[in-house]
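Enquirer: Sending over a structure as structure tokens; questions will come in a sec.
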Amino acid sequence: MKSRINAVIDAFLPVFATIAALVVGAVMLILLGVNPFVAYSALFQGAFGSSNAFAETLVKATPLLLVGLGICIAYRGNVINIGGEGQMIVGALLATWLGITFTGLPGWLGILLAMLIGTLGGSIWGGIPGILKAHFNVNEILSTVMMNAIAVQLMNFFLTGVMMDPLQAQVASKIPQTARLVEAYRLPRLAPTRLHLGALIAVILAVAVYILLWRTTLGYRIRAVGQKPSAAKYGGIKVKRHIVISLLLSGAFAGLAGVIQVYGVNYRMITDGSPTGFTGAAGFNGIVAALFGQLHPLLTIPASILFGALLVGANTMQRVVQIPSALIMALNGLVVVFVVSSELWRKKRQRKRLSIPDDDVGAAEMLSQTPVEESP
């Protein structure tokens, strides 16, 4: 019974963390002279108050889920991918180039090729830090962040140069954006909302990632490498290869998220010169969604919806109660800090229960989730 209670507490720690963050946010609202019940009611209505509001929440959650799935894979391989922003940008750049260059293809073929080339681009952008990590022991946090910066400059270069919308090139303002995709290349939408087919694709891929990680040999090896590299190497698993594979797959999902943003939401690539001008910070928020879902692909689905709701509802809350935009950013930041802290607390509780060293926590988790019949 005690074990079950502990399991329930661990499972709901992210929920408790979110509630705690909202309580702190309520105190900040009171200090600004705003009724927190009115503010949070507006947030809920903005995210779930109508079919269109809920559709917007799902649209915002889709890239978070795709990036989060990649984070789940990378984490299981014991690597940290902070490069989702850059991988989204590279995937979107390649897919947009294909869409505005080859306009005569059948719609289904153009969309499929765009997804393939965008996924490949994100995979390569994630694989480079993987190779550096596996073969040269370069810290993947540093390298993925640096790859973000390179991707942003590439985006600015192309969107103000050869990929700029010809109509923008003729005016003084010159907004950095590409031409719009032809109608045949746009993902189907559920009228009259903006909810597109990409949301369903993301959910299907979440199930696929679960199968990959817990029902295939490749997934077992990735998790083995992530939990105890020395033991995995002793068992005959090529550790360096699977580190690279983990980041390749992680980057692939982020690249696909960039493609779906273009082909399902904007129908063109546009930026204000910063990474968030295109990604909306999905490359970073997807990490938090994955942490909230305890780095499990299926649990990342509701986690992404929750964070999508926070992002959509926060805009409504700002309009209704007239609070500064900085407070919205602070509220989102509080949720991030509390959720990440809850994950650390969960691991601390597990160490205390099992009385094992810090570096063996992952191995204990793996043993608790691995069926007896599995083998490398």
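Let's see how each residue does on (1) over 19 Å from the mean Cα position of the chain (by Cα); (2) in a helix (DSSP H, G or I):
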| residue | (1), (2) |
| --- | --- |
| 70 | no, yes |
| 112 | yes, yes |
| 115 | no, yes |
| 122 | no, yes |
| 135 | yes, yes |
| 138 | yes, no |
| 146 | no, yes |
| 152 | no, yes |
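Enquirer: I've got another one for you. In region 160-178, which residues are surrounded by 15 or more Cβ atoms within 10 Å (Cβ to Cβ) and either in contact with an Asp or Glu (Cβ under 9 Å, 6 or more places away or on another chain) or closer than 30 Å to residue 246 by Cα (or both)?
Expert: Here is the first cut: in region 160-178, the ones surrounded by 15 or more Cβ atoms within 10 Å (Cβ to Cβ) are 160, 163-165, 168, 176-178.
Matches in region 160-178: 176, 177, 178.
Enquirer: Going through region 195-228 one residue at a time, which ones are touching a Leu at 6+ places or on another chain (Cβ under 9 Å) and charged (D, E, K, R)?
Expert: 223 - this is the single residue of region 195-228 that is touching a Leu at 6+ places or on another chain (Cβ under 9 Å) and charged (D, E, K, R).
Enquirer: When residues of region 288-304 are filtered for being surrounded by 24 or more Cβ atoms within 10 Å (Cβ to Cβ), in contact with a Gly (Cβ under 8 Å, 6 or more places away or on another chain) and assigned to a helix (DSSP H, G or I), how many remain?
Expert: Matching residues across region 288-304 total 5.
Enquirer: Also, quick follow-up: In this structure, does residue 355 turn out to be surrounded by 14 or more Cβ atoms within 10 Å (Cβ to Cβ) and out of contact with any helix residue (DSSP H, G or I) (no Cβ under 6 Å at 6 or more places or on another chain)? Lay out the reasoning, then the answer.
Expert: Values: surrounded by 14 or more Cβ atoms within 10 Å (Cβ to Cβ): no; out of contact with any helix residue (DSSP H, G or I) (no Cβ under 6 Å at 6 or more places or on another chain): yes.
When the stated conditions are applied, residue 355 does not pass them.
Enquirer: If residue 218 meets every condition in (1) loosely packed, with under 15 Cβ neighbours inside 10 Å; (2) hydrophobic (A, V, I, L, M, F, W, C); (3) part of a loop (DSSP other than H, G, I, E, B); (4) in contact with a helix residue (DSSP H, G or I) (Cβ under 7 Å, 6 or more places away or on another chain) apart from one, which number is that one?
Expert: (3)
Enquirer: From 8, 59, 15, grab the single residue that is of a type outside the set (Phe, Trp, Tyr) and in contact with a strand residue (DSSP E or B) (Cβ under 8 Å, 6 or more places away or on another chain). Even if it seems obvious, please write down each step before you answer.
Expert: Numbers: 8 fails: in contact with a strand residue (DSSP E or B) (Cβ under 8 Å, 6 or more places away or on another chain); 15 fails: in contact with a strand residue (DSSP E or B) (Cβ under 8 Å, 6 or more places away or on another chain).
Selected residue: 59, the only one of 8, 59, 15 that is of a type outside the set (Phe, Trp, Tyr) and in contact with a strand residue (DSSP E or B) (Cβ under 8 Å, 6 or more places away or on another chain).
Enquirer: Would you tally the residues in region 261-284 being under 16 Å from residue 83 (Cβ atoms), of a type in the set (Ser, Thr, Tyr) and buried (at least 17 other Cβ atoms within 10 Å of the Cβ)?
Expert: Within region 261-284, residues that are under 16 Å from residue 83 (Cβ atoms), of a type in the set (Ser, Thr, Tyr) and buried (at least 17 other Cβ atoms within 10 Å of the Cβ) number 1.
Enquirer: Kindly evaluate residue 295 against the criterion of being modelled with pLDDT of 90 or more, under 20 Å from residue 14 (Cβ atoms) and of a type outside the set (Phe, Trp, Tyr). Steps first, please.
Expert: Details: modelled with pLDDT of 90 or more: yes; under 20 Å from residue 14 (Cβ atoms): yes; of a type outside the set (Phe, Trp, Tyr): yes.
Judged against the criteria, residue 295 is a match.
Enquirer: Restricting the search to region 30-66, which residues are free of Cβ contacts under 8 Å to residues at least 40 places away in the same chain and not in a loop (DSSP other than H, G, I, E, B)?
Expert: Within region 30-66, 30, 31, 36, 37, 41, 54 meet the criteria.
The values are calculated or read from the model by the stated rules, or taken from the named source; none is laboratory data. A quick note: this is a predicted structure, and the numbers were derived from the prediction, not measured. As a convention, Cβ positions derive from the backbone with ideal geometry for all residues, glycine included, and neighbour counts pool all protein chains shown.
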